[in-house]
1. Considering only the stretch 90-114, state which residues are among the hydroxyl-bearing types (Ser, Thr, Tyr), surrounded by fewer than 18 Cβ atoms within 10 Å (Cβ to Cβ) and part of a strand (DSSP E or B).
2. Take the residues of the stretch 27-42 that are open to solvent by less than 50 Å² (accessible area, probe 1.4 Å) and of a type in the set (Gly, Ala, Ser): which is modelled with the highest pLDDT?
3. As an exercise: evaluate Val12 against (1) part of a strand (DSSP E or B); (2) in contact with a Phe, Trp or Tyr (Cβ under 9 Å, 6 or more places away or on another chain); (3) open to solvent by less than 60 Å² (accessible area, probe 1.4 Å) and give the number of the one condition it does not meet.
4. Quick one: count up the residues across the stretch 53-89 that are without any contact (Cβ under 8 Å) to a residue 40 or more places away in the chain, open to solvent by 60 Å² or more (accessible area, probe 1.4 Å) and either part of a helix (DSSP H, G or I) or not β-branched (Val, Ile, Thr) (or both).
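The values are calculated or read from the model by the stated rules, or taken from the named source; none is laboratory data. All values reported here derive from a predicted model rather than from experimental measurement. Cβ coordinates were reconstructed from backbone atoms using ideal geometry, including for glycine residues, and neighbour counts include every protein chain displayed. Remember, those area values only see protein heavy atoms, side chains included, never the ligands or the DNA or RNA. Shrake-Rupley method; radii C 1.70, N 1.55, O 1.52, S 1.80 Å.
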Amino acid sequence: QVQLVESGGGLVQAGGSLRLSCAASGSISSTNVMRWYRQAPGKQREFVAVITTGGSTNYADSVKGRFTISRDNAKYTVYLQMNSLKPEDTGVYSCNLQFGMNYWGKGTLVNVSS
């Protein structure tokens, strides 16, 4: 059984930084893709960033230049460094692990105050 646990969310002022972590456990393929998504209050979940096992990355236009996704393959952990945060970055951030099937964490709340 695969489990994902996010951490690192919290309350931060606009312009500040946070670093999210997502630790995966269980029977996991060594070749996989990990993504971050977020869901703002009253809105649909949206893609934030993706990273492959080999380290290739891609970002939503809204976070390019401010967010950085990285991973530690040995620890099956993905990170999201978020800088220059804006109030519109507020939401529940969830990680997704894909290798054949999709697995989701429960999310961590990021609240950016203006």
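1. The one that is among the hydroxyl-bearing types (Ser, Thr, Tyr), surrounded by fewer than 18 Cβ atoms within 10 Å (Cβ to Cβ) and part of a strand (DSSP E or B): Ser113.
2. Ala40
3. With respect to (1) part of a strand (DSSP E or B); (2) in contact with a Phe, Trp or Tyr (Cβ under 9 Å, 6 or more places away or on another chain); (3) open to solvent by less than 60 Å² (accessible area, probe 1.4 Å), Val12 is out only on (2).
4. The number of residues fulfilling the criteria is 8.
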